[in-house]
Amino acid sequence: MKRLLIAATAIAILLAGVALAATWRIDPERSQLGFASTQAGSPFEGRFKRFTADIRFDAADLSSSRAVIVIEMASAETGNLERDVALQGADWFAVSRFPQARVETKGFRSLGGDRFEAEAWLSTRDVTKTVQLPFTLSPVAEGMRAKGELTIDRTAWGVGQGQWASPQWIPHPVIVRFDLLATPLP
């Protein structure tokens, strides 16, 4: 019985390692990528309805792990039609000139347990800057769930120009959040 238990444990550990080394597909129906801020003191949240991700992640080999997320900026919605239309315009996302934003990892590091941090390039409006992206990675029945958030200064990427450059109506710091369900590709 003891040998059977040891063998079962070894197989489970091996399978977990194989699962972590997989190439992942994001389930768009059960994943969210969004942002939060305030407008005139009232909090609001938004999300991007369309984005793709190419992810290869191995907790045992972080140096070989990578991720590229491409966000369709025209898919932003906040539940307020006037704000959603404004986000498409030249002062905000300028989607006619810059239809996509991109996050590409430069590297990963373990923070212990299920916590990790990605160093990544965030590109939008033709501006690319490095960000530190903390996240947790948890196994779920369907695959893995990655959750995280970071705060960025929107003006560093030119988001919120003209009358919106001032923090009077919308603060410069914006919270970016994600909750991604990833399933391994065969």
List the number of the failed condition for Gln132; all other conditions in (1) part of a strand (DSSP E or B); (2) surrounded by 13 or more Cβ atoms within 10 Å (Cβ to Cβ) hold. (2)
Can you tell me which residue among Leu87, Leu185 is among the aliphatic types (A, V, I, L, M), exposed (fewer than 13 other Cβ atoms within 10 Å of the Cβ) and in contact (Cβ under 8 Å) with a residue 12 or more places away in the chain? Leu185
Which condition from (1) surrounded by 14 or more Cβ atoms within 10 Å (Cβ to Cβ); (2) of a type in the set (D, E, K, R); (3) farther than 19 Å from Asp58 by Cβ is the one that Arg97 breaks? (1)
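Quick one: would you say Phe108 is crowded, with 18+ Cβ neighbours inside 10 Å and out of contact with any strand residue (DSSP E or B) (no Cβ under 6 Å at 6 or more places or on another chain)?
No.
Each reported figure results from applying straightforward, stated rules to the coordinates on display, with no laboratory input. A quick note: this is a predicted structure, and the numbers were derived from the prediction, not measured. Please note: Cβ atoms are built from the backbone with ideal geometry, for glycine as well, and neighbour counts cover all protein chains shown.
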